[in-house]
């Protein structure tokens, strides 16, 4: 009797496994979202991050405080929020004549000016009307920051949190 039942049970298990495998492979064909190309995934994640950006304006108080803090730094120094190799995003650097917005390279080397302000009034008027979103490079209405280059969008850009951290952090010599 056991000689008959054991092979029948074995056959039942084999048939069950085959049927389960066939059913599991009947789903829709194509790539799962996690199997998309790296570029497509990065683009999709960039859109998620864009949608999370704050649109609230920095306002004149924060903008004025940033001017006051940067202008106390020696020429060539200022708000540099990333210190590593290669591209470090945007920074605000004291110049002989005021403050410039520029790209920072290798954590310490300010690039050419993207924009410059010679007076507190000009700077405050401009930055009071900016937001995390406009500084990110996504906002076409903000030509100083806007970029169509996906790599530069929201890549180590100025944000309210970075401006506030600069205001309360130690001034490094």
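Read-outs: derived from the displayed coordinates by stated rules, not from any lab. Quick caveat, the model's predicted, so the values are computed rather than measured. Heads up, the Cβs are rebuilt from the backbone with ideal geometry, glycines too, and the neighbour counts pull from every protein chain shown.
Using just its DSSP H runs of length 4 or more, each adding -39500 (n - 2.57), the chain gives a mean residue ellipticity at 222 nm of -12500 deg cm²/dmol after division by all residues. Helix 59-70 and the long axis of the chain differ in direction by around 70°, with both axes built from C-alpha atoms. Peptide packing for 134-141, 37-44 was compared via the average number of neighbouring C-beta atoms within 10 Å per residue; ordered from the highest value, the list is 134-141, 37-44.
Its relative contact order, with pairs defined as Cα atoms under 8 Å and 6+ residues apart, puts region 55-167 at 27 percent. The alpha carbons of the chain occupy a box of 99, 35, 27 Å along the principal axes, longest dimension given first. The packing ranking, built from the mean of other Cβ atoms within 10 Å per residue, places the peptides 48-54, 84-90, 126-132 in the order 126-132, 84-90, 48-54, highest first. Rg over Rh for region 89-173 works out to 0.94, using Cα positions for both radii and the Kirkwood form for Rh. Relative to the longest principal axis of the Cα atoms of the chain, the long axis of helix 38-52 makes an angle of roughly 60 degrees.
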